[in-house]
Amino acid sequence: MTRPEWLPSSTVTVNVHVFDTTSFPVRVYPREDRVTVDVEGSGGSVTLYLDRTDLVRLREMLDATERELTARQNDNESNEVRAVNGPAA
């Protein structure tokens, strides 16, 4: 998603722990080709604003990360923490 000029350029870092009680309500905006995904828990919520391209990027990154986790769990010689980079814009 391209940042509109009227939005501030400041950023905030938020950390979210996902538990079995975390919910993910989604709102679909078909005319705008976008969605919002809320990550809700007892301590608050975070909303992701995703156009279709970014939704696909997020899905591909999660798929790649799950494959990496599985591969590394099956490789006994490779147990260190490793960053996995998802698809770029």
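Please treat every number below as a calculation from the coordinates, not as lab data. Here the structure is a predicted model, which means the values were calculated and not measured. When we count neighbours, we look across all protein chains shown, and the Cβ atoms used for this are built from the backbone with ideal geometry, even at glycine.
Taking only DSSP H segments of four or more residues, each worth -39500 (n - 2.57), what value at 222 nm results for the chain once the sum is divided by all its residues, to the nearest 500 deg cm²/dmol? Intermediate values should be presented prior to the final figure.
On the way: 1 runs with 22 residues, N = 89.
Calculated from helices alone, the mean residue ellipticity at 222 nm is -8500 deg cm²/dmol.
Each principal axis of the Cα cloud of the chain was taken in turn, and the coordinate range along them, longest first, works out to 49, 33, 28 Å.
When the chain is treated as a Gaussian network with alpha carbon springs shorter than 10 Å, the biggest mean-square fluctuation among 31, 72, 52 belongs to 31.
For the range 37-53, list residues with backbone N below 18 Å from a point placed 7 Å from the Cα of residue 22 toward its Cβ? Within reach of a label on residue 22, which here means backbone N under 18 Å from a point 7 Å along Cα→Cβ, the range 37-53 contributes 37-50.
Note down the net charge around residue 60, summing +1 for each Lys or Arg and -1 for each Asp or Glu among other residues with Cβ under 15 Å from its Cβ. In short, -1. Taking every C-alpha pair closer than 8 Å and separated by at least 6 residues, the mean separation divided by the residue count of the chain gives a relative contact order of 19 percent.
Can you give me the angle between helix 52-73 and the longest principal axis of the chain, using Cα atoms only, in degrees from 0 to 90, rounded to the nearest 10? That helix lies at roughly 10 degrees to the long axis. Count Lys and Arg as plus one, Asp and Glu as minus one, and take only other residues whose Cβ is under 9 Å from that of residue 46; the net charge is then -2. Summarising the amide proton neighbourhood of residue 48: residues at separation of 5 or more, or on other chains, whose placed amide H is nearer than 5 Å comprise 37, 38, 39.
For residue 22, what charge total do you get from the other residues with a beta carbon under 12 Å from its beta carbon, if Lys and Arg give +1 and Asp and Glu give -1?
-3
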